[in-house]
Amino acid sequence: MANLKQGSTGTEVKELQLILQRLGYNPGTADGIFGPKTMQAVIQFQKDTSLTPDGIVGPVTWLALQNRDQGYRLYTIQAGDTFYKIALTFNLNLSSLLAANPGVDPNKLNIGQKIWLPTSLPKLVLTKSVGGWVPSWLQTQAFRSVQNHPDIFSNLSPFWYEVESSGEIIKYTGAEDNSLLSFARTHAIKLFPLISNAFSSEQISAVLNDPLIRRNHVANIVKLLSQLNYDGIDINYENLFVKDKEVFVIFLQELKTALSPIGKQLIVTVHAKTDPVGDWTGAEAHDYIGIGQTADFVRIMGYDFHWFGGEPGPIAPADWIDNVLAYAVSTIPKSKIVLGLPTYGYDWPLGQEGKGITYSYAVSTAKRYNAPITEDAQQGPHFTYTADGVAHEVWFIDANSFAALLDLVNHYDLNGIVIWYLGAEDPKIYDVIQAKFKASV
């Protein structure tokens, strides 16, 4: 595009004038004639965006105009305004407001001064819910994934709490992080913090089997949700004793009864299995029928088919997930089922326990040892390499294997997915989510 300046004419000038009008400047009539009014409007825009105020619309000014036109609008400072007050008024993130006005001192605002307000683009509409588990021990890394893709997520579950055998709730380091809370609420992302039993059968059994402690625990959950205005809770009590199968459902029923009057939702995370018993006691102790009747949503952990303590192999093979979901939909309403999907991998040294790895670690390791990756969308990509004389076998999840699991979510028409864990993923999974869950127009 040629430089536009006073005296220029044509459709490009008219487009310029229309953009200036939308941004709140006064270029005069959008007649396609670059006159004195249009030049003054251009100069004022250049001043407001710290560009050279020469009245000439070259590539830099054009780019600035288009960027502002797509995501910003002008606001005039009123008496009593502060950046904090403006952010609250317009439901903006304070950091995004500051970033939109790099040349403005927020401590020296003047009445009549013009600043830029980021405009909220329409939220991406997906056909399925997309949640993310945020581990407290990798919170910064995981939160960055959310910040980079706020339109993808409808809910988040940070690992912030643990139940003690007394029924009290303790906080993990990093719990109730203000930046995460603020970001989620600004972007209309629901918060369902997770309570864990630290995989301890004994710890949760003590709570479930004492009616007084159980009621105390329910009361503590209600208090927590009310005080911090969470949207609900994710009960992640794993590795239960089989003998506690029935009392766990009783606890959930009591919790659901207490949450309903205050409008909070109950999410329960369960072990994956393909039949009522499953292949270990923790899975058997999760009664899909009883839990499905009680909870608002049931999250099935669709991963660790091969785990770090076992033999090397695929983490979430599609044929296994297919069987898990076939059983799940026969016991739980499909509108309540959320499939937990992995993003990570394992590196197993020969004869040793595996080590959890991220997608980027897997790819960089294969490159480092010049190991060819076997691409397998149904089982997951994998490769072998040798380091210091020890043979290693690596299995992980990439966008293609993730996509195969999303196809199953669509096939069974589930409520959606929840990702374990944010920060470990192949960045291309977000493109895949949009492609597989895109709402038809």
Inset, instruction - Would you mind checking the tilt of helix 59-71 against the longest principal axis of the Cα atoms of the chain, expressed as 0 to 90 degrees and rounded to 10? - result: 50 degrees
Legend entry - Relative contact order, percent, the chain [alpha-carbon distance under 8 Å, six or more residues apart]: 12 percent
Inset, instruction - Considering only 337, 86, 429, give the residue with the highest GNM mean-square fluctuation for the chain, with springs between Cα atoms whenever their separation is below 10 Å. - result: 86
Inset, instruction - Classify the chain as rounded, prolate or oblate from the Cα gyration tensor: take a ≥ b ≥ c as the square roots of its eigenvalues, call it rounded if a/c is under 1.5, otherwise prolate when a/b beats b/c and oblate if not. - result: prolate
Legend entry - Rounded to 5, percent antiparallel among DSSP beta bridges of the chain: 45 percent
Inset, instruction - Please work out the ratio of the alpha-carbon Rg of the stretch 11-118 to 2.2 N^0.38 Å and round it to two decimals. - result: 1.10
Legend entry - Note, ³J(HN,Hα) from phi for the stretch 384-393, Karplus 6.51, -1.76, 1.60, rounded to Hz, x at Gly and Pro: 10, 7, 10, 9, 6, x, 10, 6, 10, 10
Inset, instruction - Rounded to the nearest 10 degrees, what's the angle between the helix 11-22 long axis and the longest principal axis of the chain, both from Cα atoms, 0 to 90? - result: 70 degrees
Legend entry - Relative exposure of 396, 90, 34, judged by other C-beta atoms within 10 Å (fewest first): 90, 34, 396
Legend entry - Simple spin-label estimate for residue 90 and residue 173 in nanometres, 7 Å along Cα-Cβ: 3.9 nm
Inset, instruction - Give me the net charge of residue 354's neighbourhood, meaning all other residues with Cβ under 15 Å from the Cβ of residue 354; Lys, Arg count +1, Asp, Glu -1. - result: -4
Inset, instruction - Name the longest site-free stretch of the chain, where the excluded sites are trypsin sites (Lys or Arg not before Pro) in a DSSP loop with no more than 15 other beta-carbon atoms within 10 Å. - result: 124-427
Legend entry - the stretch 176-285: GluC sites (Glu not before Pro) in DSSP coil with no more than 16 other Cβ atoms inside 10 Å: 176
Legend entry - the chain: angle of helix 139-148 to the longest principal axis, Cα-based, in degrees nearest 10: 50 degrees
Legend entry - Too-long pairs where the Cα-Cα distance tops 18 Å, listed order kept, from 128/436; 245/334; 5/114; 243/264: 245/334; 5/114; 243/264
Inset, instruction - List the relative contact order of the stretch 309-380 as a percent without decimals, with contacts defined as Cα pairs under 8 Å and 6+ residues apart. - result: 40 percent
Inset, instruction - Grab the DSSP H runs of the chain that are 4 residues or longer, score each as -39,500 (n - 2.57), total them, divide by all residues and round the 222 nm result to the nearest 500 deg cm²/dmol. - result: -11500 deg cm²/dmol
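We did not get these values from a lab; they are worked out from the coordinates using the rules stated. What you see is a predicted model; the values in this text were computed from it and never measured. Positions of Cβ are generated from backbone atoms using ideal geometry, with glycine treated the same way; all protein chains shown enter the neighbour counts.
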